[in-house]
1. A 20 angstrom limit on the alpha carbon distance is what I want to check against. Which of Lys252/Lys298; Lys191/Lys280; Lys155/Lys259; Lys258/Lys298 exceed it?
2. So if I take the centroid of the Cα atoms in segment 210-233 and the same for segment 237-283, what is the distance between those two points in Å?
3. Report the charge-dipole magnitude of segment 264-338 in Debye, nearest 20, computed about the Cα centre from +1 at each Lys and Arg Cβ and -1 at each Asp and Glu Cβ.
4. Segment 129-294: percent of C-alpha pairs farther apart than 25 Å?
5. Listed here are the pairs Lys170/Lys283; Lys40/Lys68; Lys72/Lys107; which of them are more than 22 Å apart at the Cα?
6. For the chain, just run the numbers: alpha carbon Rg, then divide by 2.2 N^0.38 Å, N being how many residues it has.
7. Under the definition of Cα pairs under 8 Å and six or more residues apart, what whole-number percent is the relative contact order of the chain?
8. Using a 10 Å cut-off around each Cβ, can you sort His39, His113, His223, His247 from fewest to most neighbouring Cβ atoms?
Amino acid sequence: MKDVYILGIESSCDETSASIIKNGIEEISTVVATQMDIHKVYGGVVPEIASRNHVENITLVIEEALSKANLKIDDIDAIGVTYGPGLIGSLLIGLQAAKTISFLYDKPLIPVHHIAGHIYANRLVSEFEFPLIALVVSGGHTDLIYMDRDYSFKKIGGTLDDAVGEAYDKVAKIMGLDYPGGPIIDDLSLKGEDTYDLPIPLDDDSNNFSFSGLKSAVVNLVHNEKQRGNIINEANLSKSFQERVIHILTKKTMRVLKKYNVSTLLLAGGVSANSGLRDKFIKLCSDNNINLVIPPLKYCTDNAAMIGAAAYYAYQSGLQSDLLLNASATSSLEKEGA
Ligand code: KG4
Ligand code: ZN
């Protein structure tokens with residue numbers, strides 16, 4: 001069978017990325033231009049600045065991905081691009097680049113939902129055994145997704161308010177830490193002890209999550225301690241916050257696996273880089289005979305390799321767009337695919 005090369009393009013937030021993926025499973029090259037340092041000064045991503053930087057980076061990143069792979073656009077079979085969800089101005093830059101290449105070189109254009117990308121990052125390191133459950137934990141999502149075949153997504157649980165990564169970033173900000181706060185809190189928690197009395201969010205029978213109450217508890221605690229002139233122990237507060245997050249994510253995910261009689265779990269998204277979360281799932285899955293697939297760190301946060309991988313399976317399930325494809329800030333994963 002002829003090899004299929006896909007050019008993946010991702011620009012939904014503050015990373016401009018292009019990647020060449022062979023047959024949906026082999027990463028030939030990936031280039032990521034991150035704007036993290038630019039946005040750090042503002043304590044979060046500034047949409048207008050993000051779009052401007054995508055404009056500057058997109059062509060260079062695509063050219064570099066092709067040159068690293070020793071390929072020309074003519075060698076590419078299709079272009080996969082993130083059309084949503086994300087920052088609309090950011091999405092439009094990657095999308096416009098993809099459409100232009102598709103039109104000029106007469107290549108199929110494949111629309112990729114960003115979360116499908118995070119899930120399919122795992123396909124670069126492992127086969128998928130269906131049925132499976134994916135726990136997607138990122139800056140914008142906290143979703144439990146059931147899949148019984150490729151490119152078929154059923155949402156069975158999700159956050160009712162803040163996404164878990166968003167909670168990490170907001171808690172870090174109130175503690176005076178840099179953006180993005182997730183990795184910093186993760187590092188601090190390794191040096192701390194769980195001494196702060198924080199609530200366990202939405203500890204009920206549902207498959208849903210809620211992180212705004214936990215976030216507010218940290219905000220109130222920091223304010224109160226400051227008012228009293230007390231010093232916050234950052235490592236301990238990080239540890240206490242992270243312990244609550246890990247407790248609820250692992251508890252509900254393990255319960256859902258049982259409920260749906262599923263024995264494969266995928267982790268996906270930026271927060272799946274979290275050391276405590278990874279360790280806890282490794283232990284729980286080993287104790288409960290669950291086949292756990294965790295993306296390597298480089299595939300956890302936003303990148304185009306995951307978009308190229310997802311695009312291959314989207315293409316196989318018949319997804320293709322014309323040039324009218326538009327960016328969508330809030331597209332739903334369930335409407336995708338087979
Ligand atoms: O998937 P991603 O790169 O972008 C979105 O699609 O949102 O995820 C970014 C999120 C940020 O909120 C960041 O703080 C969080 O992932 N993150 C972490 C860690 N590394 C990144 N959160 C907790 N622990 C980490 N080690
Ligand atoms: Zn993402």
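Taken together, the values in this text are just the output of simple stated rules run on the coordinates, not laboratory data. Note that this is a predicted model, so its numbers are computed, not measured. Reconstructed Cβ throughout: ideal geometry from the backbone, glycine too, with neighbour counts over all protein chains shown.
1. On the way: Lys252/Lys298 26 Å; Lys191/Lys280 17 Å; Lys155/Lys259 14 Å; Lys258/Lys298 30 Å.
Lys252/Lys298; Lys258/Lys298, as the Cα separations exceed 20 Å there.
2. 24 Å
3. Result for segment 264-338 is approximately 260 debye, rounded to the nearest 20.
4. Values: 4076 of 13695 pairs.
Within segment 129-294, distances greater than 25 Å cover 30 percent of Cα pairs.
5. Over 22 Å Cα-Cα: Lys170/Lys283; Lys40/Lys68.
6. On the way: Rg = 20.0 Å, N = 338, 2.2 N^0.38 = 20.1 Å.
Taking N as the residue count of the chain, the ratio is 1.00.
7. Result for the chain is 26 percent.
8. Details: His39 20, His113 26, His223 11, His247 14.
Going from sparsest to densest Cβ surroundings: His223, His247, His39, His113.
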